[in-house]
Structure formats: C-alpha cells, structure tokens
Amino acid sequence: MKLMAFNGSPRKKWNTATMVEHALEGAREAGAEVELVNLYDLDFKGCSSCFACKRLNRKEIGVCAVKDELKPVLERVREADALLVGSPVYYGTESACTRAFLERVQFPYLNYADYDNSHFPRKIPTGLIYTMNVPESLLEPLGYPVTFERTRAFLARHFGSCELLLSMNTSQYSDYDKYETGFDKEAKARQHEEQFPKDCQAARELGARLAKGYQG
Ligand SMILES: Cc1cc2nc3c(=O)[nH]c(=O)nc-3n(C[C@H](O)[C@H](O)[C@H](O)COP(=O)(O)O)c2cc1C
C-alpha cells in the first residue's frame, strides 16, 4: 500500500504541512509506504486545455500530455493506492498551486463519454484537508461548505472515495504582536494549544483509514 500526499501550502512546517505529516504518520503506523510532495517545490501550471487526454486516437488513456515537473509525479499517482491533498484556504478555496494540481491530476481521468466511469484504472481512497483562518461559525455564512464539498466530490468521482477534514481558526503567525491583525491574540493562542492537537490527531486517524485501502 503506497500513500502519496501533497502539501499545497508554500509553508513546509506550518498548519497544512503539520496536518499532512500527522496523516502520514498514521498511515505509516498502519503499515503504508508514504511519499510527500511539496507542490510549491515543483515548476508546473494547471491544465493547458490541450485536450490531448480526450483525443479518440490517443495512445494512452488517463495521461496528461504536458511535459513539466509534475509529469513524473502524475506517473506515480497512477500507481498509488491512496492519495491525500492538503491545502490552506486562500480566498475561500484551495491555494492556486493546489488548484493547478487538482486540474492536472484529475482531468485526464474525467471520462467525457461516461461521467460515472473514471479513466483511473481502479478505485482508491483519497483524503482532502483544508486549514483556514476563519472559525467554524463563519464557514456557512462564507459559503465554504459548498466549495469544499465540490472538490471532495470531484476527487471521489475520479478516484473512488474522498474524506474531508477541516482545521479551522489556525494560527497564521508565531507572534501576532509583529503583524497587523484584528484577531484576539489570546483566543488564537488558546485555539492553537487546545484544538490544533485534536485536529492533528484527526489527521493521524484519517491517514490510518486511507492506509486500509478502498472500502467501497
Ligand atoms: C493569500 C492568503 C489568503 C487567505 N485567505 C483565507 C480565506 O479566504 N479564508 C480563511 O479562512 N483563511 C485564509 N487565509 C489563511 C490561511 O488559510 C490559514 O492561515 C492556513 O491555515 C494557512 O496554512 P499554512 O499554515 O499551511 O500556510 C489566507 C492566507 C493567505 C496567505
């Protein structure tokens, strides 16, 4: 069982990366081989709309024709038994880099002739983690659940299943005194000490579930 995880934050030690790392620990403990890809390390763009992956006479099904640093990663995704994508919320949705990755990793598997039959060769479980600044009370008013569910449902459609995990009210800085902010600094610190470890534990459990493979 090989789990591939993707950190869609430019920061390699902060909230998203920490959640992803805990999920990887859970997967490792459950016996999975794991690989972490920091998406911001790679030089790639989103889908170029070349439609090579939709040509009737194409040699390979489910393969993106774009040759860049994401290509070998996409080749490994094809062999993976589980996927995990973590992203910070930027302007109410995934970071731009995560969005570009999701286009590239999914579109070749989208079967235009039969939407219910993905071109991905088998069914695998996936996980989707979002970390965000806003507290839970603002999720609905800002319309976030609709966005998160849309991305979750696309991953489930393309790969088999997808579980969503949220970490809210994250700390953006280690020292709020050094940056402009309207937040209650003490409440942020409390949240980080009390809630974030619970979120990390939930990520660890998600990793362990992904390591069990596709459960239907
Ligand atoms: C460009 C930018 C846009 C952001 N937009 C939002 C947003 O719309 N909603 C939100 O809740 N948090 C927003 N945030 C905060 C991050 O989502 C949050 O701090 C996240 O946990 C950061 O993840 P990281 O620590 O892994 O980088 C934004 C941060 C940045 C840098």
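General observations
- Carbon plus sulfur fraction of accessible area for segment 130-200, probe 1.4 Å, in percent: 49
- For the listed peptides 11-24, 134-147, a ranking on the average number of other beta carbons within 10 Å per residue, highest first, reads 11-24, 134-147.
- Candidate cross-link partners of K185 among the lysines, defined by an alpha-carbon separation under 30 Å and a same-chain spacing of 8 or more, comprise K12, K13, K198.
- Of the accessible area of segment 1-109, computed with a 1.4 Å probe over protein heavy atoms only, carbon and sulfur atoms account for 52 percent.
- Per residue accessible area in Å² of segment 1-157, where ligands, DNA and RNA are left out and the probe is 1.4 Å: 50
- Rounded to the nearest 20 debye, the dipole magnitude of the chain is 900 debye, with +1 charges on Lys and Arg beta carbons, -1 on Asp and Glu beta carbons, and the Cα centre as origin.
- Folded to 0 to 90 degrees: helix 185-194 orientation relative to the chain principal axis, Cα: 60
- Projected over every direction and averaged, the convex hull enclosing the alpha-carbon atoms of the chain yields 12.5 nm².
- Projected label distance in nm at R28 and A189, using a 7 Å step from Cα toward the beta-carbon: 3.1
- Distance between segment 185-202 and segment 136-178 - C-alpha centres, whole angstrom: 16
- Rounded to 10°, Cα long-axis angle of helix 144-159 versus longest principal axis of the chain: 30
The values are calculated or read from the model by the stated rules, or taken from the named source; none is laboratory data. Here the structure is a predicted model, which is why all the values come from computation and not from measurement. Cβ: placed from backbone, ideal geometry, glycine included. Neighbour counts: every protein chain shown. Side chains included, ligands, DNA and RNA excluded: accessible areas come from the protein's heavy atoms. Shrake-Rupley method; radii C 1.70, N 1.55, O 1.52, S 1.80 Å.
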